[in-house]
Amino acid sequence: MESQKRVIRVRTISDYVDVRLRISAVYPCLDSGAIVEDCSVPASVWNDPAFRKMRTACNLCVSYVNDVFSYAKESQAGEFSNIVTVHRLVHDMELEQALAASIEMNDRVVADYLEAKRVLCDRHVITRPTRRYIRLMENWMRGNFDWYHQQRTDRYTQYLTTAIPA
C-alpha cells in the first residue's frame, strides 16, 4: 500500500492521514522500544481513549516532520505520499503555503498529544512503565525533529526542504 500511495495521488487530507496511520512504522517501533525498555503499560491505560490519542498524535507528528523535511527529495522522485504534496494537490497551494499548512497540522497533533496526556494523567495513576512509554513517544517526536533539523543525518542533506532557496 505504501508503495502504491507513493505514486498515486490521494484525493483528501483525511485519506492521506488514514494511509499514514496504517503504514507507518511508528507503532511497531514504539512497541519494540517498549519491549526493550520493559514498559508494560497497564491495560486500563493502554485502552484509554486518551492514550490511544497520544499514540496516534505521536505517529502523525513523526510522519509530518519526516514529510516536511523530505518533501524536496520525495517531490523530485515523483512521490505523492507526503503531506506537503497532498496540500499542494488537494488545495492547489504554492509550496510555501503547503509547508505552512503541513507545519500547522503538526502543531495541532502535538497540541492534541499534550491535551490527551493531561486527560490521561487526570484519569490514572501513571506508573513507572507508563511514564517510560510516554517518554518513548516524546523522545521520538523530539528526536525525529532534531535528527533532521540539526542535519545529523545525511538522508536528505542534498534535498533538505529547509535548504531550498527562497
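Name every residue in the stretch 78-91 that is in contact (Cβ under 8 Å) with a residue 24 or more places away in the chain and either touching a Phe, Trp or Tyr at 6+ places or on another chain (Cβ under 6 Å) or part of a loop (DSSP other than H, G, I, E, B) (or both), in order of residue number.
The answer is Gly78, Glu79, Phe80, Ser81, Ile83, Val84, Val86.
Restricting to the stretch 38-54, name every residue that is crowded, with 18+ Cβ neighbours inside 10 Å and either under 13 Å from Arg135 (Cα atoms) or touching a Ser or Thr at 6+ places or on another chain (Cβ under 9 Å) (or both).
Cys39, Val41, Val45, Phe51, Met54, listed by residue number.
Has the stretch 144-155 got any residue that is out of contact with any His (no Cβ under 9 Å at 6 or more places or on another chain), modelled with pLDDT of 85 or more and in a helix (DSSP H, G or I)?
no
When the stretch 12-27 is examined, which residues are found to be within 20 Å of Leu89 (Cβ to Cβ) and in a loop (DSSP other than H, G, I, E, B)?
The answer is Thr12, and nothing else.
Counting only residues that are crowded, with 19+ Cβ neighbours inside 10 Å and of a type in the set (Ser, Thr, Tyr), which one in the stretch 57-79 is nearest to Thr127 (Cα to Cα)?
Here the residue is Ser63.
Please find, within the stretch 1-37, the residue that is modelled with the highest pLDDT out of those that are of a type in the set (S, T, N, Q) and either surrounded by fewer than 12 Cβ atoms within 10 Å (Cβ to Cβ) or under 17 Å from Val86 (Cα atoms) (or both).
As a first pass, look at the stretch 1-37 and keep what is of a type in the set (S, T, N, Q): 3-4, 12, 14, 24, 32.
Within this subset, residues satisfying the condition of being either surrounded by fewer than 12 Cβ atoms within 10 Å (Cβ to Cβ) or under 17 Å from Val86 (Cα atoms) (or both) are 3-4, 12, 14, 24.
Working: Ser3: 59, Gln4: 61, Thr12: 86, Ser14: 90, Ser24: 82.
Among those that are of a type in the set (S, T, N, Q) and either surrounded by fewer than 12 Cβ atoms within 10 Å (Cβ to Cβ) or under 17 Å from Val86 (Cα atoms) (or both), it is Ser14.
So how many residues does the stretch 116-125 have that are in contact (Cβ under 8 Å) with a residue 40 or more places away in the chain and either of a type outside the set (Lys, Arg) or over 15 Å from Pro42 (Cα atoms) (or both)?
The total comes to 5.
Could you count how many residues in the stretch 96-109 are closer than 16 Å to Ser75 by Cβ and touching a residue at least 40 places away in the same chain (Cβ under 8 Å)?
Counting residues in the stretch 96-109 that are closer than 16 Å to Ser75 by Cβ and touching a residue at least 40 places away in the same chain (Cβ under 8 Å) gives 1.
Which residue pairs have Cβ atoms closer than 8 Å, lie 6 or more positions apart in sequence or on different chains, and pair a first residue in the stretch 49-75 that is at pLDDT below 90 with a second residue that is among the basic types (Lys, Arg)?
Ser70/Arg155; Glu74/Arg6
Within the stretch 38-48, how many residues turn out to be among the charged types (D, E, K, R) and either at pLDDT below 90 or assigned to a helix (DSSP H, G or I) (or both)?
The number of residues fulfilling the criteria is 1.
Would you be able to say whether some residue in the stretch 99-122 is within 24 Å of Asn139 (Cβ to Cβ), surrounded by 16 or more Cβ atoms within 10 Å (Cβ to Cβ) and modelled with pLDDT under 90?
No: zero hits.
The values are calculated or read from the model by the stated rules, or taken from the named source; none is laboratory data. Here the structure is a predicted model, which is why all the values come from computation and not from measurement. With ideal geometry, Cβ positions are generated from the backbone for all residues, glycine too; neighbour counts draw on all protein chains shown.
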